[in-house]
Amino acid sequence: MTNKVSQPFKYQGYSEKTYSGWARYSEYVEMSDGARIAADIYLPQDYLGSQLPPSNFPVIFNFTPYMRATIDPDTGEITPNILNRPGEHLADYHEYGYVLVVADTRGNGASTGAAMTFGWRYQQDAGEMIDWIAGQDWCDGNVGMVGGSHHGWTQFAAASCKPAALKAIMPAVVPLEGFTGQFFPGGIFMHSFLTGSGLSNQVIAVREATARLVAAPVDPAAPPVSAANSEDTQADMELTYDWENEPFIDTRAQSGENGRDFCANLVGPIAETGVAIYHLGAWFDGFARGTTELYASLAASNPSRLAMFPGFHDLVSGFVYDEFGAELPDLVAERRRFFDHYLKGIDNGIDSEPPVLIYTINGDGWRQEQEWPLSRQQVSKMHLAENLGLTESPSANNSDPYRVDLSHDRRYGSNLSSRWTALGGTPPEGMPDMTEQDRSSLCYSSAPLESDMEVTGHPIVRLWVSSEADCGDFYVFLEDVDKDGRSLLVTEGQLRAGWHNLHDNNLMTDCDIDIKPELPWHGYEKAHWDEGVLANGRVIELVIDLQPVSWLFRKGHRIRLAVTGANWPDFSLNPTLNPANDPDAADNLVPTIRVHRGGQYPSVLELPVIPG
């Protein structure tokens, strides 16, 4: 008999392979408004057991805008798109007695209707699909969902509809709200990720990603479906946001949604369901903050787990694996461990483990914790000081000038990428070396550390600034400088100055729920915008939370805070200063900014330090 092992990323002996193959068929599922959702069903086949096989099974459901399957028009060969995607590997689930259902969201793949990216209709469709699955003879009444990014959002959408059969979800890399959490971090448009589609063309962005593919038909008689359909696309456009012209969280699409409806307004209904949630995120994902917020906000109401990987948007790629030697975790085993417990009722102990699993970069790798943020963190304040230093003690009142470099580019690696461009599927290839970028930045550095220092949590920068211009964008980068002077990016944040005022972070949702952790929230409503905030030499405080991280700074290394006024092309330039959004445009206004420090302007870096 196989020894039983159940621990993070290691799982054996609690369930055995009982099937060696699957049988696939497809059909249309009609929604309440008449739209038809194309679904592929994979049933376990070729039973290996000695007793009578079960007649129904728990179901794993994936709801995708990226085509459930494609067909080669020349050969007729059908290729399932989700089964062997890196980090997913759903092809293994049938062996352990799970049915897999993969469906195209409306208006995508072979499904009919107008696509409505992240809209209320998608939400309702997800709930109706769960109800349909639960009513099939092959379903035992227990449904789980998997997938990342858009696939992660559809899980929250489905759970908010409270379908009785949905028992567990495992969403990865999902922001909490759709404005600063996704498209406008710090109120600044994420240019590189969305270039070519435009904010009002979110559906077209999905279409362009699949334009060369042909969706597999629904058997047996329906024809293949091309991803390019201009008539449907026009209908889709009427349902999307116009954030290009109205860059505020309370801007509404013609269909009624605003930025809070992305996930923040789903949290309240989900908290009433008791559905088990395993949140997956990554320190270098662009949505890392959202993953931790979703976990912390739902941990008290739902059986919840959190795992933060040392990778990018796909969880399992990047320099920590390639250069630092991190072992690729067995995410397939971890998913099965989770679903075996919550869908099959197998007592494998996952529910009694510490619920938080984090990877400390430069440290000892994976470890378990009881909560997020860690209760034992101690906030260490490092003051911006004279001689561009970072010190424990405040400095005398003074300021440091910096002429903004509009072409400043924080991408790195052989393919020039970043956490932001990686959202589109291209993580950086190489180390996050910021040594060259720091030459065109305003950098404050500490003395060499006398001992190792672990920073785990949400670093915060309190920056007092002024400018020759009446507006501006401010970017901050936390870095690790080694003994040879090489600087590595640890984490980062940004804020458009017009959003400097702070508001209750519970305003990011319309639900009566406490959003955690308590991080700086700048409102982002149209009424919160402060036009001309830096006019007449006004000095203001910017409170910027950096993306969460777990990083060990080694003895002898220096901690650095780099400040810039642009991060092009990852983010658009300030539209008032640079109306053409071109760093080389002749009519650009290129101001000198000043970072104030000491006295009445105590600019400071606050680090969540974990005692050794």
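Read-outs throughout are calculated quantities, based only on the coordinates presented, and are distinct from any laboratory measurement. Predicted, not measured: the structure shown is a model, and the values here were computed from it. For neighbour counting, all protein chains shown are included, and Cβ atoms are generated from backbone atoms with ideal geometry for every residue, glycine included.
Over all distinct Cα-Cα pairs of the range 312-401, the Kirkwood formula returns a hydrodynamic radius of 17.4 Å.
Dipole size of the range 515-570 about its Cα centre, with +1 on Lys/Arg Cβ and -1 on Asp/Glu Cβ: approximately 520 debye, rounded to the nearest 20.
In the chain, a dipole from Cβ-located charges (positive for Lys and Arg, negative for Asp and Glu) runs towards its positive end, and of W499, I78, N397 it is N397 whose Cα lies farthest in that direction. If you take all C-alpha pairs in the chain, what percent of them are over 47 Å apart? Roughly 15 percent, rounded to a whole number.
Electrostatic bookkeeping for L266 treats Lys and Arg as +1 and Asp and Glu as -1; over the other residues with beta carbon under 13 Å from its beta carbon, the sum is -4. Peptides 464-475, 319-330, 433-444 ranked from most to least packed, by the mean per-residue count of other Cβ atoms within 10 Å: 464-475, 433-444, 319-330.
Among 44-52, 337-345, 577-585, the peptide with the highest mean count of other Cβ atoms within 10 Å heads the list, and the full ranking is 337-345, 577-585, 44-52. Quick one: Cα centre-to-centre distance for the range 272-334 and the range 539-612, in angstrom? The distance from the Cα centre of the range 272-334 to that of the range 539-612 comes to 26 Å. When the charge dipole of the range 378-610 is built from unit charges on Cβ atoms (+1 for Lys and Arg, -1 for Asp and Glu) and taken about the Cα centre, the candidate among T421, A385, T564 whose Cα reaches farthest toward its positive end is A385.
Within the chain, DSSP assigns beta bridges of which about 75% are antiparallel (rounded to the nearest 5). Look at the Cα gyration tensor of the range 280-323: its axes a ≥ b ≥ c give a/c of at least 1.5 with a/b over b/c, and that counts as prolate. Placing unit charges on the Cβ atoms of the charged side chains and taking the dipole of the chain about its Cα centre, the candidate lying farthest along the positive direction among A103, P8, C161 is P8.
Would you give the gap between the C-alpha center of the range 139-190 and the C-alpha center of the range 368-398, rounded to a whole Å? First find each Cα centre; the distance between them is then 34 Å.
Taking all Cα pairs closer than 8 Å and separated by 6 or more residues, the relative contact order of the range 378-610 comes to 38 percent. Taking every C-alpha pair closer than 8 Å and separated by at least 6 residues, the mean separation divided by the residue count of the chain gives a relative contact order of 14 percent. Restricting to lysine pairs 8 or more places apart or on different chains, what number in the chain have Cα atoms under 19 Å apart? Value for the chain: 7.
Taking Lys and Arg as +1 and Asp and Glu as -1, the other residues whose beta-carbon sits under 9 Å from that of T421 total +1.
For the range 378-610, a crude dipole built from +1 on the beta carbon of Lys and Arg and -1 on the beta carbon of Asp and Glu, taken about the Cα centre, is about 520 debye to the nearest 20.
Charge dipole of the chain (Cα centre as origin; +1 on each Lys and Arg Cβ, -1 on each Asp and Glu Cβ, all else neutral): 1060 debye, rounded to the nearest 20. Using just its DSSP H runs of length 4 or more, each adding -39500 (n - 2.57), the chain gives a mean residue ellipticity at 222 nm of -3500 deg cm²/dmol after division by all residues. When only alpha carbons of the range 378-610 are considered, Rg and Dmax amount to 17.5, 51 Å.
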